[in-house]
Structures are given as structure tokens and as C-alpha cells.
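The values are calculated or read from the model by the stated rules, or taken from the named source; none is laboratory data. A quick note: this is a predicted structure, and the numbers were derived from the prediction, not measured. Cβ placement follows ideal geometry from the backbone for every residue including glycine, while neighbour counts extend to all protein chains displayed.
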Amino acid sequence: MKVLAFDTALSGCSAALYDTETERCVSDCKIMARGQAEILVPMVQEVLEKGSAAFADVDLLAVTVGPGAFTGLRIGLATARGFGLVLQKPVVGLTTLDILAAMFFRKDVLEEDHLLCVLIETKRKDYYCQYFQAGGMAYTKPQALSEQEIKDKDGGNVIYIGDALARFSSPDTRGCKGYELPDPCIMAQMALASFETGNLIPPEPLYLRDADVSVSKKEQRIIGQILTQEI
């Protein structure tokens with residue numbers, strides 16, 4: 001089985017092709033706050049080429065559903081839905097919070113009495129966040145909290161990660177860097193596990209508050225072009 005995964009929800013654009021038979025994953029990632037619509041499809045095409053595959057070879061698609069940047073989410077989701085529709089293949093949604101947490105637990109160990117808090121940038125004064133227990137099980141639901149609310153929950157046993165860590169950090173913050181953007185290879189593996197167990201998240205945006213920006217006319221045209229391309 002070949003799994004195609006991509007992310008445009010945060011300050012980057014990434015894609016990966018994971019082949020379950022060879023356990024090989026080829027990927028690409030670019031850090032960028034805007035402009036994902038222009039490079040996502042070319043990046044996907046390049047990843048497929050590196051993986052010696054065509055669009056028709058893809059069996060499963062995975063995409064981030066948020067929380068994250070409103071416009072970025074829409075670009076990724078529109079592309080995933082378009083690919084899924086044309087290829088007649090299932091699309092699995094993954095939250096950015098779950099992915100960053102999974103990345104942490106694959107490399108680091110959390111003490112039993114500690115919690116992991118994933119912080120996602122909102123570009124406001126608050127943070128998108130979710131807490132996880134040792135082993136990776138979710139301790140809370142995704143939520144938007146102020147800095148003070150997060151600090152009030154900290155009993156000295158919380159480790160922080162995420163792309164908003166730099167803004168949140170203070171001298172007494174216990175944070176781990178290196179978990180700012182979703183790893184598309186881990187996304188592909190997570191999507192495969194969800195697909196095999198039937199525990200699927202639909203490719204619908206996870207908004208923790210009402211959207212306060214809209215997709216520009218230029219981005220609407222780009223998304224339309226993505227969905228009408230021959231793949």
C-alpha cells in the first residue's frame with residue numbers, strides 16, 4: 001500500500017509518500033507562512049517521482065485538519081478532497097496536535113506523573129493546545145486557552161512542545177524544541193494505522209473558534225486549478 005500525506009496547516013508545506021511494502025518514505029518540506037497553494041501540488045508530484053510512483057498508485061491519502069492557519073487548512077483539505085475524489089481513494093484527517101505529540105513520543109519519554117502540552121500558534125494572544133499523558137493518550141480535548149489559563153494548569157509536571165513554544169516560553173518553562181511542524185512520514189504511518197483500525201477522522205477542518213479570515217480570490221483560483229488538474 002502507498003500512502004500520500006501532506007500538510008499546509010502551520011508555517012510550512014510538506015508532503016510524503018510511504019510505501020508499506022518497502023517501508024520506505026520519501027518526503028519534502030519547506031518552511032513558509034504563506035504561498036502553500038502554489039507549491040503543494042508540484043511538491044506532491046516531486047515526492048511521487050522520487051518514490052517511483054504515479055497518482056494512480058496511491059491507495060490512501062492523509063491531510064492535517066487543524067488546528068492551524070485557516071487559509072492553510074483550506075488549501076490542504078481542498079487538495080486532499082480533490083485527489084480523493086479523482087482517485088476514488090479514502091482520505092484520512094489528522095490533527096496537528098496529535099501529530100506533534102506522536103513525533104515527541106517516538107523520540108522522548110514522558111514520566112508517568114507528567115503531561116505533554118502541545119502548543120499551536122494562533123497569531124493572537126491565546127494558544128491552541130492539547131494535553132497528553134505518558135504513552136501518548138490524550139488527556140484533554142483540543143482547546144484554545146490564554147497563556148494564564150495554561151500556566152494555571154501547570155503543576156510543575158508539564159513539558160511543552162509546538163510551534164508556539166518560543167512565544168510561550170519563560171525561564172521556568174520546561175520545553176522541547178524540534179516539534180514545530182508535522183512530519184509527513186509520521187503522518188502517513190498514523191493515517192495507515194487509523195485506516196486499518198477504522199478509527200478515522202474525516203477530512204473536515206478542526207476550528208476551535210470561528211474563522212476570522214477568508215480565502216482570497218487568488219487562493220480560490222489556485223484551489224480551483226488544483227481540483228481541475230489532470231492527475
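Across segment 140-160, the number of residues qualifying as hydroxyl-bearing (Ser, Thr, Tyr) and under 19 Å from the mean Cα position of the chain (by Cα) comes to 2.
For segment 15-43, residues that are touching a residue at least 40 places away in the same chain (Cβ under 8 Å), over 18 Å from Phe55 (Cβ atoms) and assigned to a strand (DSSP E or B) total 2. Of all the listed residues (Gly156, Gly136, Gly198), the sole one being in contact (Cβ under 8 Å) with a residue 12 or more places away in the chain and not hydroxyl-bearing (Ser, Thr, Tyr) is Gly136. Checked against (1) under 30 Å from Arg124 (Cβ atoms); (2) assigned to a helix (DSSP H, G or I); (3) charged (D, E, K, R); (4) in contact with a strand residue (DSSP E or B) (Cβ under 9 Å, 6 or more places away or on another chain), Arg74 passes all but a single condition, namely (4).
Asp163: surrounded by 12 or more Cβ atoms within 10 Å (Cβ to Cβ), in contact (Cβ under 8 Å) with a residue 60 or more places away in the chain, of a type outside the set (S, T, N, Q) and not assigned by TED's automatic domain parsing to the domain that holds Gly76, yes or no? Taking the combined requirement at face value, the residue satisfies it. Selection of segment 63-78 for residues being surrounded by fewer than 24 Cβ atoms within 10 Å (Cβ to Cβ) and of a type in the set (S, T, N, Q) yields only Thr71. Considered as a group, the residues in segment 187-210 that are part of a helix (DSSP H, G or I) and more than 18 Å from the chain's Cα centre (by Cα) include one that is surrounded by the most Cβ atoms within 10 Å (Cβ to Cβ), and that residue is Glu196.
Within segment 127-142, the presence of a residue that is among the small types (Gly, Ala, Ser), modelled with pLDDT of 95 or more and either crowded, with 19+ Cβ neighbours inside 10 Å or not assigned by TED's automatic domain parsing to the domain that holds Phe105 (or both) is excluded.
Considering only residues that are within 16 Å of the chain's Cα centre (by Cα) and surrounded by fewer than 24 Cβ atoms within 10 Å (Cβ to Cβ), look in segment 107-124 and name the one that is farthest from Ala5 (Cα to Cα). Only one residue fits best here, namely Thr122.
Inclusion of Leu181 among residues that are of a type outside the set (D, E, K, R) and at pLDDT below 95 is not warranted. Checking every residue in segment 47-61 against the condition of being modelled with pLDDT of 95 or more, in a strand (DSSP E or B), within 21 Å of Glu180 (Cα to Cα) and within 14 Å of the chain's Cα centre (by Cα) gives zero matches.
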